[in-house]
1. Yes or no: the stretch 203-224 includes at least one residue that is buried (at least 17 other Cβ atoms within 10 Å of the Cβ), at pLDDT 90 or above and not aliphatic (A, V, I, L, M).
2. Hey, does the stretch 86-106 have a residue that's under 19 Å from Leu52 (Cα atoms), open to solvent by less than 50 Å² (accessible area, probe 1.4 Å), touching a Phe, Trp or Tyr at 6+ places or on another chain (Cβ under 6 Å) and hydroxyl-bearing (Ser, Thr, Tyr)?
3. Among (1) outside any helix (DSSP H, G or I); (2) surrounded by 17 or more Cβ atoms within 10 Å (Cβ to Cβ); (3) modelled with pLDDT of 80 or more, where does Gly167 come up short?
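The values are calculated or read from the model by the stated rules, or taken from the named source; none is laboratory data. Quick caveat, the model's predicted, so the values are computed rather than measured. Using ideal geometry, Cβ is built from the backbone for each residue, glycine included, and neighbour counts are taken over all protein chains shown. Calculation scope for accessible area: heavy atoms of the full protein, side chains included, ligands and nucleic acids excluded. Shrake-Rupley method; radii C 1.70, N 1.55, O 1.52, S 1.80 Å.
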Amino acid sequence: MYLSTILPVFNESKENIEEIYKRIDKVCREKDYKYEILFIDDGSSNDILDFLKSLHNKDKKVKVISFDKNYGQMSAFLAGLYFAKGDIIITMDSDLQYIPEEIPFFIEKINKGYDVVGGRRPRTSIGFLSKILTFYFNFILKIKLNDHGCSYNALKKEVVTNILSRGFPLCIKPLSVMLVKKGIEIDVTYNKRKCGKSKYSFVKYICFGMKYLFSFSKKPKKQVEPPFKIALSMLD
C-alpha cells in the first residue's frame with residue numbers, strides 16, 4: 001500500500017506546517033506505510049513556499065505544487081488528487097484542526113473494503129454554511145452524509161480517477177460518495193487553531209458555497225486539463 005496525503009496551504013504559518021509534517025511523518029513511519037506528503041501552495045503571499053521547498057530538500061517524500069495565484073481550497077485538493085501516486089489518498093487541512101494520528105482509522109476502513117471514508121466532525125463544530133451544504137445534498141440530491149464540509153477524508157485511487165474524469169468538480173466529497181458502492185463516515189476530532197488565522201471570511205464562505213453547489217455534475221465532461229496552471233512548481 002502506498003499512501004498520499006494532500007494538504008492545501010494558503011498563507012499558513014510555518015509552525016503549523018512543520019508540526020503537521022512531523023506528525024504525519026511519525027504516523028506513517030510507526031505504521032510502516034509507504035507514503036508521500038503533497039503540500040499545495042494556493043498562491044500564498046507570505047514566505048511559506050520557501051519553507052515548503054526547504055522541507056522538500058530535506059525529505060524527498062515531501063512534494064510541493066505551487067499555484068500562480070489563489071484558486072481556492074477545492075482546486076488545491078484537485079491538484080493534489082491529480083498528482084497523487086498513492087493507492088489510498090488522504091485529504092486534510094494544514095492548520096492542525098484535524099489530527100494526523102487519526103489517519104490509521106481511515107486506512108483501517110479502506111482495508112475493510114470501503115471505497116470512500118468521510119470524516120464527520122462533532123455537531124457543535126459544524127458551521128452554518130456546512131449545514132446548508134449538507135441539507136442541499138442530503139435532501140435535494142439524496143446523497144446521504146452527516147458532514148459534507150469535513151475535508152478530512154480517504155479515497156481509493158480508482159475513485160479519484162473516476163472523479164477527475166468528470167472535469168475537476170469542486171464538490172469532491174458528495175460526488176465520491178455517489179460514485180462508489182461502499183462509503184462510510186467516521187468521527188474525527190476537530191480542534192481550534194494553534195497558530196495563524198482562518199483564511200475564510202463570511203463572504204468567501206458564501207462564494208465558495210455557491211461555486212460548490214453549482215459545480216456538481218453526475219456526468220463526465222470532455223475537459224481533460226485542470227482549471228489551474230499546473231506547470232508552476234512541481235517538486236519530484
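1. no
2. yes
3. (3)
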